[in-house]
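For reference, the structure is listed below as structure tokens.
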Amino acid sequence: MKDITTMTALDLGRAIKQKEISVAEAVKAQFDIMKLRDPSYQCYITMMEEEAYTQAEEIQRRIDAGELFNSTLAGVPMAVKDNICTRGIKTTCASKILYNFVPTYDATVIEKLKQAGAIIIGKTNMDEFAMGSTTETSFLGATKNPWNTECVPGGSSGGSAAAVAAEEAFYALGSDTGGSIRQPAGYCGVTGIKPTYGTVSRYGLIAYASSLDQIGTIGRNISDCTAALEVISGHDLKDSTSVNQLNYSYREALVDDVKQLRIGIPTDYLGKGLDEEVREGILNAAQIFRNKGAIVEEFEMHGVDFAVPSYYVIACAEASSNLSRFDGVKYGYRTENYEGLQDVYKNSRSEGFGNEVKRRMMIGAFVLSSGYYDAFYNKALKVRAIINEGFQRAFEKYDIILGPTAPVTAPGLGESLSDPLKMYLSDIYTVSVNLAGLPAVSLPCGRDKKGLPIGLQLIGKHFGEKDIIRAAYSFEQAVKYERPISLTETNKETKHISSDITKGKGE
Amino acid sequence: MKAYETVIGLEVHVELATKSKIFCSCTTLFGGDPNTHCCPVCTGMPGTLPVLNKQVVEYAIAAGLALNCSITRRCKFDRKNYFYPDLPKAYQISQLYLPICRDGGIEIETSAGKKTVRIHEIHMEEDAGKLIHDPWEDCTLVDYNRCGVPLIEIVSEPDMRSAEEVVAYLEKLRLILQYLGVSDCKMQEGSLRADINLSVREVGAIELGTRTEMKNMNSFKAIARAIEGERKRQIELLEYGKCVVQETRRWDDNKDTSFAMRSKEDAQDYRYFPEPDLLPIEISDEWLETIRSRQPELRDDKMLRYEKEFDIPSYDASIITGSKHLADLFEETVAICKKPKEVSNWLMVETMRLLKEQEMEAEDINFSPDHLAKLIEMVDQNKINRTVAKEVFEKIFKENIDPEEYVDKHGLGMVSDDGLLRSTIEKVIADNPQSVTDYKGGKSKAMGFLVGQTMKEMKGKADPGMVNQIVKELLDK
Amino acid sequence: MKITEDTIQYVAALAKLSVTEGEKKKIAKDLEDILDYMEIMNQLDTEGVEPMSHVLPVKNIFREDVVINENNREELLKNAPKQKDGSFAVPKTVE
């Protein structure tokens, strides 16, 4: 006996196609669980129950009519991070300044999901404007880690990662500017993939740092992530930075074979600052790859220490400009406290943005201001070039680079915000991937003594999604997915269905 | 008083004649109800992204080539950050580090002779919206229709020394851009706007004086007056031992004086940085050659060709080519009727007279070359006389009527019926015995009077040759 | 690098944020720590390195000059905090 919401997205998709489960049933099961668990985890900012049932009817009709034949995820409930614009549905970036903003257009990824028959069930919590590593900077309060509600889920896509872990969604979209998909996936024990910059259209993604942002997917295994990535990727004429690629059939890479795959581990990724248990987890993962026939070795990669400062200079600079449009004139929050135009600007922004966002906008304004541009911003762009160069050299020798997703497992709530610099430093393994625009996946590779998941990061070369997907898939065959233990207690009321339909692979 | 020299450089903003905006597919049509030529992209809605209009790049390159610039083969866009309600993203996408054209110049001619005004650079950028100040309520309304209309900004070196030179430079610039078809350059619609950087220094000084920038220039006359006013103001300050403050000033043409614009609350620090949402532009040899090969004949060449090919005086050629629209009209009409001198005459005399009378610009001329050509044919074939032709032309000019239809409808065809003319003239002679006496007494002018009276009687439609001949015949009898 | 309260005032003005006198000191300290840390970039020799604003060597992405214009004024103004006569309304910008 097994309930619907513990199924993988692809299994549910298959069951729906085979008419074993109706779309409405799936949606019902999903909302039952969401209502049961979300008060504990607070993954969602907006739940779209009514819309979901309307969509369910429409999708069921299309499926019954023989449409959506190739859509593996048709009818499967999924969640969207609240910085991705959804027509007619509030999109807040977890900020007071957009508390009432209802886009009149869909992001390109949303259009693609709708075409593929996805059921969007809600908008997930996040760090305000994706600025944070804990989902605690959300204007609506923190999301809790389903493994331990005293801990953060990571961030900024913490709501999406926690929702997937807590079975409050089958899969979810996140955005990753400096690790915002991979790190919460790591903390929540799920899989998250950030594709190569330019693979997924950014049109409709409310920008944090335009040259680093990329939308990706979070699922309970790499197969779900990959299927979802296939839906949302593709060239888009509305995004100039979208790159036209020949082939987006990532599922071809779902193969259990890493023989002769060359895997490099930068020694600096195992050095100072890395938690001992995380280190063990990573080395253990490396051994699993060796056992499966991969060639794994450590190597020296330069510039690792310079990634965090370069990243924060660039991200803050772009953010300070991107977030200037929130000024109380065209949309969002306007202060009630104003006489002149300058008041509208200053008070709306001061009252509308949280501290972390303000801090980053001020850093950004500073590093671009006259007299500091060369020393900070331009320097950071040069460092970025060197970091990219370092990766290019590494990829001459290796197919993928392996390392931890984060130096520690999920910290306790309230531990990180007091020291911003320390929080920034915890992004050390993820930000360089964004600086170089590379694809990377985080997947669970065991747990520490506290019982919290450890995230393993696999980095691929530009457009090397298939390499990391194949490696992740092979790894999954050796290390089974674990549900958060706490879920079993809150699971009693869910609907049960016959077990024969869940025999498919992936579990 | 010491002798001073005025040093002027211009920043000219030109709206390009593309159909759609620079970064989205909205129309660039002038006017329209507020916020009806807008979309989520040009109004800076969250999550939207710009995509560059290729035509903008091609127009900018065409302008650069015509202004003798070197084209930056790898150029890119930058963001200029500042808050103002007419700028919905709170940054303007512009070019700072690698503008598309650099180091050009054009030759101007004034009473002081010929000189070259150097062009520092041309960059591409987006226009801002329009603010309308509500007279009834204490608020300003924001209209984003202009937002995202493509502009090129042409920045000159401080090479001009007088209002006359500035006007000559602007005239020349306007003609070049109009001939290229990259802009209509209508000042009253704001598609050509100039900011004036002006300083004064003692004659012979090497260092430039402190400059001010004047905005809000909407006509050549206002520009000339503003330059004169600002020059005087700065010299007066210096004469009294005061300093010129570097600031932006607004010229008020009604009050004939300039005001310091309220200094912005904050220092201007635009924090330019490369636009991450747009990719670099690389201009290949082939692309450049294609654009070069499409460059049309510009004014100076056209003028010389008219003199040679159509044998019209250089003064006439300069007037006709002084407006792209007029030149086009001329060539199209000549192509139909093959009578360049006649066409030139109509444009030089009647058209110019009517333009002046109606206070219109040559660009506003609205009649079709077909109709002028037809009129010329009708005169040539003696279907109407010149007096009637002038009357009909006025109708063509004002309402673009078809001259044939008009003449038919109003019965203006030339009368050459010998019997009718003879009886009318006999009556005129009988009514004016004094004139007959004068004529016989040797005052030949009296015959002119009688001819005029006959024409009047015939409502101007009589064949003037025949009237003359018959009057003379009857008088000499 | 010393970040003074004046610098905070200047940067806040650029970002159109107001900071109270009380906050300035704390913000100055935070920014100083962060910027000091960022200065470790200076340990890396970047002589002759071309600043990289785009990771991938993509260029010349254009759209054709085609008008697709719908009047969406109602939608555009839907989220406006204040509107009047089909326009966004702000406090008077000139005196």
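Points worth noting:
- Maximal additional length on extending the B:VAL436-B:LYS232 stretch stands at 66.7 nm, based on 0.36 nm per residue less the C-alpha distance.
- Segment B:343-411 and segment A:416-485 have Cα centres spaced 80 Å apart.
- Within the protein assembly as shown, the ratio Rg/Rh, alpha carbon atoms throughout and Rh by Kirkwood, equals 1.12.
- Contact order normalised by residue count of chain C, Cα under 8 Å, 6+ apart, percent: 18 percent
- Segment A:1-97: chymotrypsin sites (Phe, Trp or Tyr not before Pro) falling in loop per DSSP and having at most 10 other Cβ within 10 Å: A:PHE69
- Cα gyration tensor, chain C - rounded (a/c under 1.5), prolate or oblate: oblate
- Estimated inter-spin distance, B:LYS398 and A:TYR99, nm [label 7 Å along Cα→Cβ]: 6.4 nm
- Extended-chain gain in nm, criterion 0.36 nm per residue less alpha-carbon gap, B:ASP328 and B:ASP103: 77.9 nm
- Entry note, chain A: relative contact order of 19 percent, from Cα contacts under 8 Å with a spacing of 6+ residues.
- Inter-chain Cβ neighbour average for residues B:11-20, partner chain, 10 Å: 2
- Computed FRET value (nearest 0.05) for B:LYS472 with B:GLU359, which takes r as the C-beta separation and R₀ as 51 Å: 0.70
- C:GLU21, B:GLU275 arranged by Cβ crowding within 10 Å, fewest neighbours leading: C:GLU21, B:GLU275
- Estimated FRET transfer efficiency (A:GLU57, A:LEU237; beta-carbon r; R0 35 Å; 0.05): 0.65
- Largest-first principal axis extents of the Cα set of segment B:172-258 (Å): 48, 32, 18
- Semi-axis lengths, largest first, of the ellipsoid equivalent to segment B:297-409 are 23, 16, 11 Å, with √(5λ) applied to each eigenvalue of the Cα gyration tensor.
- Least to most buried among B:THR333, A:THR54, B:THR6 (fewest other Cβ within 10 Å first): A:THR54, B:THR6, B:THR333
- Largest-first principal axis extents of the Cα set of segment A:257-296 (Å): 32, 16, 9
- Ascending count of other beta-carbon atoms within 10 Å, so fewest first, for A:LEU452, B:LEU304, C:LEU44: B:LEU304, C:LEU44, A:LEU452
- In the distance distribution for chain A, Cα-Cα pairs more than 38 Å apart total 20 percent.
- Using a Förster distance of 41 Å, the FRET efficiency for A:TYR373-A:GLU150 (Cβ separation, nearest 0.05): 0.40
- The overall shape of segment B:58-129 is prolate: from the C-alpha gyration tensor, with semi-axes ordered a ≥ b ≥ c, the ratio a/c is 1.5 or greater and a/b exceeds b/c.
- Put a dot 7 Å past the Cα of A:ASP305, heading toward its Cβ, do the same for B:GLN246, and the two dots end up 4.1 nm apart.
- Once the Cα-Cα distance is subtracted from the 0.36 nm per residue extended length, the B:GLN188 to B:ASN345 segment shows a gain of 53.6 nm.
- Tensor-based shape of segment B:418-475 (alpha-carbon gyration tensor, a/c under 1.5 rounded, otherwise prolate or oblate): prolate
- Label separation (A:GLN18 vs C:LYS82): 6.2 nm, computed from points 7 Å beyond Cα along the C-beta direction.
- Distant-in-sequence amide H partners of C:ARG63 (H built 1.01 Å from N, under 5 Å): B:LEU52, B:ASN53, B:LYS54
- Zone of B:ARG73's modelled label, taken as backbone nitrogen in segment C:34-78 under 16 Å from a point 7 Å along Cα→Cβ: C:60
- Restricting segment A:220-291 to trypsin sites (Lys or Arg not before Pro) that sit in a DSSP loop and have at most 16 other Cβ atoms within 10 Å of their own Cβ leaves A:LYS259, A:LYS272.
- Overall, the ratio between the Cα radius of gyration of chain B and 2.2 N^0.38 Å, rounded to two decimals, is 1.28.
- Spread of Cα-to-Cα distances over 5 Å intervals beginning at zero, given as percent, for segment A:365-464: 2, 11, 16, 17, 18, 14, 12, 7, 2, 1, 0
Each reported figure results from applying straightforward, stated rules to the coordinates on display, with no laboratory input. On a predicted model such as this, the values are computed, not experimentally measured, just so you know. FYI the Cβ positions are ideal-geometry reconstructions off the backbone, even for glycines, and counts take in every protein chain you see.
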